[in-house]
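Each remark here refers to the structure printed beneath this line.
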Amino acid sequence: MRYVLLISFDGTHFAGSQRQPDARTVQSALEEAAGKVFVSPVRAALSGRTDAGVHAAGQVAQLDGETPVPPEKLREALNRLLPPDLKVLASRAAPAGFDCTRGARSKTYCYRFYTAESELPLLERYAVRVEGRIDAALLREAAERLVGEHDFAAFRATGSSAKTTVRTLYSVRVEERRVMGAKLYEVRVTGNGFLYNMVRIIAGELYAAGCGKARCEDIDLAFKTGDRTLLFRTMPAKGLTLEQVRFDVPLFGAQGGQDGII
């Protein structure tokens, strides 16, 4: 039987989501807990991999195996065994033919950075402090240039194994609000797929455009040339959170997001 899980984790002390030898990862921690519930070795799969330090509010995973624990109660059984920085928010029996990796239709990531005279301890774990005065209008102008289908070759880090660099971004939204005396900026990106470090590079370029370190036109030139050197640096991993993964089928009801589809 296949089970589908909605999971959340703080990526600070994980070496990424994908299983690695002699490393603490989300996948290995989930498999360890599941093995005790199922009383047999269990392999977990996630909708996609995240790097070391990246967080998740709504990652989707699946487990294959047999257990007398009802699917909706699997959440409780696993959470008793999982560490404090990784928890299951909901668990269900997977629909027939469901594959959390191949079936994902879109993902939404949020990158957070803020401006303040010094680092703020209550923000630093999930956001990055940046320098300079930011023009939110320029941030949004640059963001609009990213929406649509483009060749994002310039927006990937070295080491990407993707066969194609063409991706479609359905929306790139920038929100500004004041938190603890600081201006916090949230760059929320929804697309059909992402290249290695793509959202962190996007966030860096939007920040650079917003504070005058880059031109909005540089984005258009990067699309045409695929030249990574035209863009600003890759932002740190800790500012990135995977917020939502959407599928064509309902998975978790009201907890799963709008219209019960996550």
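Using C-alpha pairs below 8 Å separated by at least 6 residues, the relative contact order for the chain is 23 percent.
When Met198, Met1 are sorted by how many other C-beta atoms sit within 10 angstrom of their C-beta, beginning with the fewest, the order is Met1, Met198. Shown is the FRET efficiency for Asp248 and Thr225, computed with R0 = 45 Å from the Cβ-Cβ distance and rounded to the nearest 0.05: 0.80. Could you check the simple spin-label distance between Tyr170 and Lys36, using points 7 Å along Cα→Cβ, in nm with one decimal? Between Tyr170 and Lys36, the simple spin-label model gives 3.8 nm. Model label sites at Asp22 and Ala45, defined 7 Å from Cα along the beta-carbon direction, differ in position by 3.0 nm.
Here the mean projected area of the convex hull built on the C-alpha positions of region 106-242 is 7.6 nm².
Near Asp227, no amide H atom lies under 5 Å from its own; only residues 5 or more places off or on other chains count, and H is placed 1.01 Å from N.
Name the shape class, rounded, prolate or oblate, that the alpha-carbon gyration tensor gives for the chain, where a ≥ b ≥ c are the square roots of its eigenvalues, rounded holds for a/c under 1.5, and otherwise prolate holds if a/b is larger than b/c and oblate otherwise. Because a/c hits 1.5 or more and a/b exceeds b/c, the chain counts as prolate. A Förster distance of 22 Å, applied to the separation of the beta-carbon atoms of Met180 and Arg233, puts the FRET efficiency at 0.30. Of all DSSP-defined beta bridges confined to the chain, some 90% are antiparallel rather than parallel. When peptides 87-95, 177-185, 156-164 are ranked by their average number of other Cβ atoms within 10 Å per residue, the highest-first order is 87-95, 177-185, 156-164.
With θ taken as phi - 60° and the Karplus curve 6.51 cos²θ - 1.76 cosθ + 1.60 applied, the whole-hertz 3J(HN,Hα) list for region 93-106 is 6, 6, x, 4, x, 5, 9, 5, 8, 6, x, 5, 9, 7 Hz, x standing for glycine and proline.
Qualifying GluC sites (Glu not before Pro) in region 56-109, where qualification requires a DSSP coil assignment and no more than 11 other C-beta atoms within 10 Å, comprise Glu66.
In terms of other Cβ atoms within 10 Å, Tyr207, Tyr170, Tyr109 run from fewest to most in the order Tyr170, Tyr109, Tyr207. Applied to region 191-208, the Karplus parametrisation 6.51 cos²θ - 1.76 cosθ + 1.60 on θ = phi - 60° returns per-residue 3J(HN,Hα) values of x, 7, x, 9, 7, 4, 6, 4, 5, 5, 6, 4, 4, x, 5, 5, 4, 4 Hz, with x for Gly and Pro. Shape class of region 77-167 from the Cα gyration tensor (axes a ≥ b ≥ c, square roots of the eigenvalues): oblate, since a/c reaches 1.5 or more and a/b does not exceed b/c.
Remark: relative contact order (region 144-201) = 38 percent; criterion is Cα-Cα distance under 8 angstrom and separation of 6 or more residues. Under 5 Å from the amide H of Thr234 lies no amide H of any residue 5 or more positions distant or on a separate chain, with H modelled from the backbone and absent for Pro and chain starts. The length gained by stretching the chain between Ser160 and Arg215 to full extension, at 0.36 nm per residue less their Cα-Cα distance, is 17.2 nm. Scanning residues 5 or more positions from Leu89 or on other chains, those with amide H under 5 Å from its amide H are Leu6, Ile7, Ser8, with H placed 1.01 Å from N in the peptide plane. Between Ala137 and Ser8, the contour length at 0.36 nm per residue exceeds the alpha carbon distance by 43.2 nm. Here the Karplus curve 6.51 cos²θ - 1.76 cosθ + 1.60, taken at θ = phi - 60°, turns the phi angles of region 12-29 into couplings of 3, 10, 9, 8, x, 8, 7, 3, 9, x, 6, 9, 7, 10, 4, 4, 5, 5 Hz, with x standing for Gly and Pro.
Laboratory data are not the source of any read-out in this text; all were calculated from the coordinates shown. A quick note: this is a predicted structure, and the numbers were derived from the prediction, not measured. Every residue, glycine among them, receives a Cβ derived from its backbone with ideal geometry; neighbour counts consider all protein chains shown.
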